[in-house]
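The values are calculated or read from the model by the stated rules, or taken from the named source; none is laboratory data. This one's a predicted model, so the numbers in the text were calculated from it and none came from an experiment. Neighbour counts run over all protein chains shown; Cβ positions are idealised from the backbone, glycine included. Heavy atoms of the whole protein, side chains included, go into the accessibility calculation; ligands, DNA and RNA do not. Shrake-Rupley method; radii C 1.70, N 1.55, O 1.52, S 1.80 Å.
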Amino acid sequence: MAVWHDGGGDDPGASLQRSGGYDPHDRRQVIDTFYDVWLRNQQVPLGWTGSRDGCRAGSVSARTRAATLSQVNYFRMLAGLRRVRFDDATGGLAQRTALIMDANRALSHHPPLGWRCRTKAAAWLASRSNLALGTAGRARGAQAVTRYVEDAGAGNRPVGHRRWLFSPHTAVMASGSTERANALVVVGMPQHRDAVPRYVPWPSAGYFPAPLEPRGRWSLSASRPGTDFRRARVEVRGPDGVRLAVDRYAVRNGMGPNTLVWRVRGLVRPTLATDAGYRVRVAGIRRNGRVLAPVAWTVTLVRPDRALQPVQAPEVIGTYVAGETVFATAGTWSRTPDRVTYQWLRDGEPIPGQVYRFYRLGLGDEGHRIGVRVRAVAGYFVPAAAEVAGSPVAGRG
């Protein structure tokens with residue numbers, strides 16, 4: 001009997017979607033959910049127990065499985081779609097599918113007979129899966145899900161990965177990951193019969209986290225089979241109301257829902273002070289030879305705005321005596337910084353060129369207060385700084 005995972009009770013995105021509490025028109029909620037769900041999922045360690053040596057598929061940690069599922073459902077929530085569940089039995093086989101891609105450092109939906117670690121069942125499952133391969137930490141678990149939705153690269157213009165992940169009636173998926181690869185089983189999985197949106201635009205309507213904007217590669221999928229986008233026309237207007245240039249890609253059906261894909265040129269990024277709203281209109285959609293009403297929506301890109309906060313203030317260690325060297329600590333922050341910089345201060349003013357963690361006190365510093373400004377930077381957070389006022393420098397006795 002299949003075993004289902006629903007992401008666990010500690011997933012804020014799960015609670016929001018089950019309660020119907022996610023509101024894409026609530027700017028604050030959209031930003032907070034980006035941090036509390038998407039970013040948290042991205043940073044979960046893999047915990048893979050397998051190895052390419054000996055073709056051991058192994059498994060990933062329970063946290064990784066939960067984060068991967070949570071990321072799938074986070075994106076489906078943004079798209080207005082029902083949550084999916086993971087099938088553990090299929091996921092075990094997906095581990096072997098991911099191992100094939102990792103061991104051969106190549107992707108194929110039909111792995112040839114000569115490939116390392118190939119098994120018949122895992123090779124067959126590759127034809128039903130989204131596949132990702134990359135350097136360690138970029139193509140596994142939740143990170144792979146984000147890459148599927150972005151669907152970057154010339155070969156992914158039809159956004160097939162995105163379309164399968166956003167297939168409206170899908171109820172069950174499965175996932176397997178290694179250090180460098182992921183297989184997300186999306187084709188031929190169990191379906192549900194609940195109502196679904198007529199169209200699935202990406203980026204979705206309402207407020208939308210700017211870091212997840214897919215580099216101008218936007219799309220509109222239709223839930224109903226037979227929807228014809230071949231003669232559809234796309235119009236995108238920017239924050240100032242001016243129509244933007246659009247590269248409309250040729251329609252390619254047969255990979256998930258029928259979808260129209262285009263590239264928007266000249267996108268303006270939001271700032272902390274100003275959002276960037278885009279009005280999209282798609283006309284000329286047909287079904288059974290009949291022209292349907294145009295589809296229009298507004299996407300408002302917002303910049304995530306949480307600031308780093310100092311938890312433990314930086315300190316200056318050493319003796320404030322001319323000729324001695326003092327050192328600054330980085331302190332601790334509400335998020336582990338990606339980068340910390342230092343600027344030494346004399347009576348509160350920057351000392352030119354003194355940007356290292358240490359500072360040698362000179363004769364010119366005698367009688368002056370020497371301090372330091374520590375600045376912390378972390379991805380998706382507003383940088384923050386903390387100052388240590390320091391102490392007056394004494395001369396040598």
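Things worth noting here:
- Rough spin-label spacing in nm, given labels placed 7 Å along Cα→Cβ, for residue 138 and residue 119: 3.0
- Using only alpha-carbon positions in segment 252-397, the gyration tensor eigenvalues give semi-axes of 58, 14, 12 Å once each is multiplied by 5 and square-rooted (largest first).
- Here each label is just a point 7 Å from Cα along the line to Cβ, and for residue 286 and residue 396 those points are 9.0 nm apart.
- Backbone N atoms of segment 82-102 closer than 15 Å to the 7 Å Cα→Cβ label point of residue 169 belong to residues 82.
- Area accessible to solvent at residue 335, 1.4 Å probe radius, in Å²: 70
- Convex hull projection area averaged over all views, segment 260-328, Cα basis, nm²: 10.1
- When the Cα atoms of segment 27-185 are aligned to their principal axes, the ranges along those axes come out at 51, 32, 29 Å in descending order.
- Accessible surface of residue 311 - all protein chains present, 1.4 Å probe, nearest 10 Å²: 110
- GNM flexibility winner over the chain from 226, 160, 47 (Cα, springs under 10 Å): 226
- Helix-derived mean residue ellipticity, 222 nm - over the chain, DSSP H n ≥ 4, -39500 (n - 2.57), to 500: -5500 deg cm²/dmol
- You can think of it this way: the chain between residue 215 and residue 108 has 36.0 nm of extra reach, that is 0.36 nm per residue less the Cα-Cα gap.
- Within the listed set 297, 202, 333, the residue fluctuating most in the Gaussian network model of the chain (springs between alpha-carbon atoms under 10 angstrom) is 333.
- Two-site FRET efficiency, residue 191 against residue 334, from Cβ-Cβ distance with R₀ of 41 Å, rounded to 0.05: 0.45
- Cα point-scatterer Debye curve for the chain, base-10 log of I(q)/I(0) at q = 0.06, 0.13, 0.14 Å⁻¹: -0.32, -1.06, -1.17
- Taking 0.36 nm per residue of separation and subtracting the Cα-Cα distance, full extension of the segment from residue 293 to residue 63 would add 78.3 nm.
- Length gained when the stretch residue 198-residue 341 is fully extended (0.36 nm per residue, less Cα-Cα span): 46.5 nm
- A convex hull fitted around the alpha carbon atoms of segment 199-302 yields 93 Å³ per residue.
- Estimated inter-spin distance, residue 313 and residue 127, nm [label 7 Å along Cα→Cβ]: 6.7
- Three semi-axes of the equivalent ellipsoid, segment 310-393, Cα gyration tensor, whole Å, largest first: 25, 11, 10
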